[in-house]
1. List the relative contact order of chain B as a percent without decimals, with contacts defined as Cα pairs under 8 Å and 6+ residues apart.
2. Going toward the positive end of the dipole of chain A, with +1 on Lys and Arg Cβ and -1 on Asp and Glu Cβ, which of A:Leu154, A:Met108, A:Phe142 do you reach last?
3. Name the residue farthest towards the positive end of the dipole of chain B from the options B:Asn100, B:Gln37, B:Ile17, assuming +1 on Cβ of Lys and Arg, -1 on Cβ of Asp and Glu, about the Cα centre.
4. Helix-only mean residue ellipticity at 222 nm, the protein assembly as shown, DSSP H runs n ≥ 4 weighted -39,500 (n - 2.57), per residue, nearest 500. What is it?
5. How large is ³J(HN,Hα), in whole Hz, for each residue of segment B:11-24 in order, when computed from phi with the Karplus curve 6.51 cos²θ - 1.76 cosθ + 1.60 and θ = phi - 60°, using x for Gly and Pro?
6. Output the peptides A:149-159, A:208-218 sorted from most to least packed, where packing is the average of other Cβ atoms within 10 Å over each peptide's residues.
7. Would you work out which of A:Thr176, A:Tyr221, A:Ser124 lies farthest towards the positive end of the dipole of segment A:53-255? Charges go on Cβ: Lys and Arg +1, Asp and Glu -1.
8. Averaged across A:195-204, how many Cβ atoms of other chains sit within 10 Å of each residue's Cβ atom?
Amino acid sequence: MKKFTVNRKLFAFPYILFMLLFILLPMVMILVGAFQNADGSFTLSKFSKFFTNGICLQNLWFSIEIGFITTVLCLIIGYPIAYILSRWNSSKAYLVVLLFVLPMWINMLLRTLGTKTFLALIGSQMGVSAVIFGLVYNFLPFMILPLYTSLSNLDKSYIEAAQDLGATGSQVLFKTVIPLSVPGIVSGITMVFVPTVSTFVITQMLSRGNVVIFGDLIYEYFTGITADQGVGSVMSIVMLILVILSNVVLNKFADNSAPVKGGLW
Amino acid sequence: MKKTLSVCFVVLALTFIYAPLLVLFIFSFTDSSVFGQWNGFSLQPYAEIFTGSRSGRIFTAVSNTFLLAIISTAISTVLGTLAAIGIFNMRSKTRKLLSNANQLPIINAEIVTAVGLMVLFASLLGIKSGWLTLIIGHVSFCTPYVFLSVMPRLYQMDPNVYEAALDLGATPTKALRKVLIPMIKPGIISGAILAFTISLDDFVITIFNNGSVETLSTYIWSDSKRGGIDPTTKALSVVLFIIVLVVLILVNIKKSKTNPKEI
């Protein structure tokens, strides 16, 4: 028996090896790449370029603004929907939630093609507002799902207690429901914010390259004509820091009901 | 009144979600390469998927996409299932550490994962972008999902059943094959389905590591970056989209029958 448990642990080794090689090592490569010249010598110039050439920092700030606006809009639209659905009886709500998250499984390029056709049809210019529309459209389901999970798991007796104690409708909402759904809110925010800042598909398709956010810039620095992979690596590190920060915040508020991406199945 | 208002809001939001998809559907039935322009009803775009000048390229892209998804799913299902069994049997500290490492590709920004792999292949390993880099890339983001769907099954399993099999004289291999694997099979299957859909759907990892291999995503991307769009691309989008929708509905009907509370 003892010998066998040792054997079974061995099952994990191919994947551990794989993770070291193709999940951890790529991140190390990015770290190393940020400190390297084209000839492989050590340099800090990529960092100084990032911080001094104006474009990168300005763009980072612009992207954070776009990400912030998108996230807030998703929250404003998504929260009432999730709240309403969490009050419905579960089988009906299940179907409607399904309708909201179904588009998550349709390729992002196709959804954005649809958005582009739609915007052209209503005569909208391709620009910042088109991009924000596309972003909200794309990421709204990622906001609704965790909010719904969190709100429908909320113990209804808290609301009843608040009402019994004389709280008005808005007091119940702001003092009971919203504070209790903070884990869902935080999880929704992280699921929208990071992908928004790091996208390049939506911006390029909906603005013909006029709106450039951080994801576009990384894409450009790695594959474009003026490619500088060192600066691109610095930008990837910045992106990675954003990811880590948002996950630290997420873990602080975590509850087990927060679904992982792809929670549909 | 309040009820009506909330129903209205939900309906409005659903309209917002589905309007662009509906518009794409409608405009796939017109032979125009300008976004939002209607040139009269036509089935030409659909016919051209099979007979037009691009049909060869489309066929290659479709078969590449599916081949890639099948290979990546097969590898990641085996890799992820074995890893889950192995890591499940480790001490809780190691288990936690490795489970967290498994989360990295899920929480990381896709573009960072993609760029990291690209740099690794190009500068350290010297592998040219192509099938190999694509498969490795896809396995790297599919396996975590397989792992995540198998792990809960292992936790739910009654360990006594497995030990009973051993006590009754089954060899460890036989107990594994006849008892353990069947018990976690639902997790393995849903992990594999998940891996398959994610691989089919992927664009970001693919575009950085595909070399000259064209998949559906990269095909649509190269076409839609221009000002206009080929009518066949719209028709193709609708076809794909209906396939996805039908599969999703079937899977969810099956799932809601067996497990109505879970989404």
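The values are calculated or read from the model by the stated rules, or taken from the named source; none is laboratory data. Because the structure is a prediction, the values reported are computed rather than measured. Reconstructed Cβ throughout: ideal geometry from the backbone, glycine too, with neighbour counts over all protein chains shown. Each accessible area value is taken on the protein alone, full model and side chains, heavy atoms only, with ligands, DNA and RNA left out. Shrake-Rupley method; radii C 1.70, N 1.55, O 1.52, S 1.80 Å.
1. Contact order relative to length: 30 percent.
2. After comparing all options, I get A:Leu154.
3. B:Asn100
4. It comes out at -23500 deg cm²/dmol, rounded to the nearest 500.
5. 5, 4, 5, 5, 4, 4, 5, 9, 4, x, 5, 5, 4, 4
6. A:208-218, A:149-159
7. Towards the positive end, the residue furthest out is A:Ser124.
8. Working: counts 4, 0, 2, 6, 4, 3, 8, 0, 0, 3.
So the per-residue partner count for this stretch is 3.
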